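Where a number appears in this text, it was derived from the coordinates with a stated rule and is not lab data. Model, not experiment: these values are computed from the prediction. Positions of Cβ are generated from backbone atoms using ideal geometry, with glycine treated the same way; all protein chains shown enter the neighbour counts.
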Amino acid sequence: MKDQIKRIIEMSKSGALTDDQATALIDELMKKSQAEGSNESSSERGDSREERRRGRADRDRFRERGPWSRGPRDHRRGPPHFASFIHDKIHEKMGEAFRGFNPQEDGEDNSITMSKFEAPSGPNSEFKANSITMSSFADVMLQQSKMNENRIDASRVEDLHLNSSQISKIGVAGSSLKDMQLLKSEIIGTHFHGCKVSDVQLNDESSITETEFNGCMFKDVQLSNESEIADSTFNGVSIQDMNMGSSLLDGLDMNGVAFHDVHFMNSTMKDCVLKGASFRDANFMNCQFSEVIFTADESWSLRKKGFVDMHFENCQFHKTVFSDCTFTDVTIRNVNLSDIKIQNIQLSDVEIDGNEAFLAAVGLAK
């Protein structure tokens, strides 16, 4: 057990496990050790023949189960496989985060733990109903293919390229995803919890729809050529270095989202609610905002952050609401307003050029 605890500590230091996950795993190891000690004492008092029979049954069951076999695992009997133990405990915790998200399994399901493996690539393939824990896979190139009903926990995914393909009904938690390129592809009905996502490109009408992001960090995100993010939820998400060109954000519910270094051009945001959002170094050029609400939440710190170093130029605002927001070092030039509502706005170092309607809306003299 000392070696197992040492291994957990090393994984925590390397970032493969969080402190909370490491603590939970060590606690479970201690409980398991105590239970095994109790079982051993009880077995010594039993009949020797019965003891040998149970020992053989335990060994047979462990051989049949193996570290990657299907079905429930029993750590109370037989020597537990350390990777299987880690797999079960992480899935137990991650299952709570996914609020019952549990893809249906079929004959294609696999359980992969603490491994590096090669995922299927090529045209007309399907990667379905797999459970991946503390593992990594890279260089996945799918064409007219699908990845669906999978679970990915505490793992690393790199170089995922999709062409006319689909990712659907996947639960991803505590994982790192790097270099994802979608070309005429979609991500739909997927859940991301506590993930780091970087170098993401959506091109040529690619989309992310009906997807939930909780406590994630995004860096270097690009949408172009009629791509979109729609009907999705973002909670406590950080987005840095985002570029949108001729693309769409539609039907988004964003709570406590922090934007830093974002650039939108010839793009549209519609039917979106941004509550407690903050913007730093944001540029919007030739963009349209329709039925969009920007508002603070109950947190004083988020209200204080507000909008800093923002530029709106040649933009159109239709049925847009700004409420309880702070504008600092904001430039607004040549905007077109239609049915806009502004209330309780704090302005500091704001430059407004050439739009009398906007000046009147914020209560400034014409």
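For the reader, a short list of remarks on this structure follows.
- The simple Förster model, with R0 at 22 Å and r as the Cβ-Cβ distance, assigns Asn266 and Ser323 a FRET efficiency of 0.20.
- Packing-based ranking of 227-234, 170-177 yields 170-177, 227-234, ordered from highest to lowest mean Cβ neighbour count within 10 Å.
- Applying the Karplus relation 6.51 cos²θ - 1.76 cosθ + 1.60 with θ = phi - 60° to region 125-132 yields 3J(HN,Hα) values of 10, 9, 10, 10, 6, 10, 10, 10 Hz, where x marks Gly and Pro.
- If R0 is 30 Å, the Cβ-Cβ spacing of Asp27 and Ala138 corresponds to a FRET efficiency of close to 0.35.
- For region 259-292, backbone nitrogen atoms closer than 20 Å to the point 7 Å from Asn225 Cα along Cα-to-C-beta are found at 264-268.
- For Met134, the residues whose modelled amide H falls within less than 5 Å of its own, excluding neighbours fewer than 5 places apart on the same chain, are Met114, Asp153, Ala154, Ser155.
- Gyration tensor verdict on region 156-241 (Cα atoms; rounded if a/c is under 1.5, prolate if a/b is larger than b/c, oblate otherwise): rounded
- Charge dipole (region 110-361, unit charges on Cβ, about Cα centre) - positive-most of His193, Thr326, Ser338: His193
- Which of His311, His193 has the fewest Cβ neighbours within 10 Å, and the rest in rising order: His311, His193
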